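The values are calculated or read from the model by the stated rules, or taken from the named source; none is laboratory data. Remember, it's a predicted structure, so these values are computed and weren't measured experimentally. Cβ placement follows ideal geometry from the backbone for every residue including glycine, while neighbour counts extend to all protein chains displayed. Just so you know, the surface numbers come from the protein's heavy atoms only, side chains and all, with ligands and any DNA or RNA stripped out. Shrake-Rupley method; radii C 1.70, N 1.55, O 1.52, S 1.80 Å.
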Amino acid sequence: MVLIAAWGPAMADPKVVRALGEGLPQPGAQMEDVRAMKLAPDRRIVCESDVEKPRLANPGLMQAQRSRGADHVRRCAVFVDDGKGVWSLAGVPTVFGDARLWLIFVEQGSQGRYRLAQFSLWGRNSEWDKAAGLLGSMLGEPATQADRMLGWKDEQHETLMFIDDKYPDEFAIAVGDVRLRKLMRSPGTSNRE
């Protein structure tokens, strides 16, 4: 456990993140820094752990997860105000158009410091080829190739591109830090008293 707490911030390849869109957060970044990222004026990041959430169009999206290790994981997404005080999932600008941004933070160490373990962008399927071409040109041939999934992984970061059956009109690109993602699955990542 001491080894896990001693890891410094691990950052994904910044070229890949910058190529996907300006101002996207780097995996490994601290939660406070990511929450301060520039968004359009009517948008904000909302997390399931927020004590005071705005009125959400779909409150179930930000309900606390009841799973193993959920007490040290924080899920967040970008929301937009409809002008009437109701907030819905919103997109951020990317090279393949407006895409919804989801963020997963994991507690690292015993000081309650949360780092970005993974972010995912959800875009329209019509942009699959453009996004796959961009990632392939930067990361090379995917190590994982399936009908609806591509994946690249090295010792520090993992990039996945996939279509989820629940959302057949969209595809996702998930960029994560390998070590921080392992913490998400570990029940003893924080030394709480």
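Some notes on this structure:
- Single match in Leu116, Leu121, Leu103, Leu24 (criterion: among the hydrophobic types (A, V, I, L, M, F, W, C), under 19 Å from Glu158 (Cα atoms) and assigned to a loop (DSSP other than H, G, I, E, B)): Leu24
- Just one of the listed residues (Asp71, Asp98) is open to solvent by 60 Å² or more (accessible area, probe 1.4 Å) and under 14 Å from Ile173 (Cα atoms), and it is Asp98.
- Residue match in the stretch 165-175 (condition: touching a residue at least 60 places away in the same chain (Cβ under 8 Å), in contact with a His (Cβ under 9 Å, 6 or more places away or on another chain) and either open to solvent by less than 30 Å² (accessible area, probe 1.4 Å) or farther than 18 Å from Gly21 by Cα (or both)): yes
- Residue count for the stretch 108-137 under the criterion of being open to solvent by 10 Å² or more (accessible area, probe 1.4 Å), in contact with a helix residue (DSSP H, G or I) (Cβ under 7 Å, 6 or more places away or on another chain) and of a type outside the set (Ser, Thr, Tyr): the result is 4.
- Tally, over the stretch 101-114, of residues that are without any contact (Cβ under 8 Å) to a residue 60 or more places away in the chain and either in contact with a Leu (Cβ under 7 Å, 6 or more places away or on another chain) or farther than 16 Å from Cys47 by Cβ (or both): 1
- When the criteria are applied in full, Gln108 fails the requirement of being of a type in the set (S, T, N, Q) and closer than 22 Å to Asp164 by Cα.
- Selected residue (only one of Gly91, Gly21, Gly28, Gly60 is open to solvent by 20 Å² or more (accessible area, probe 1.4 Å) and of a type outside the set (Phe, Trp, Tyr)): Gly60
- Exclusive hit being over 30 Å from Gly136 (Cα atoms), aliphatic (A, V, I, L, M) and in contact (Cβ under 8 Å) with a residue 40 or more places away in the chain, set Val17, Val46, Val51: Val46
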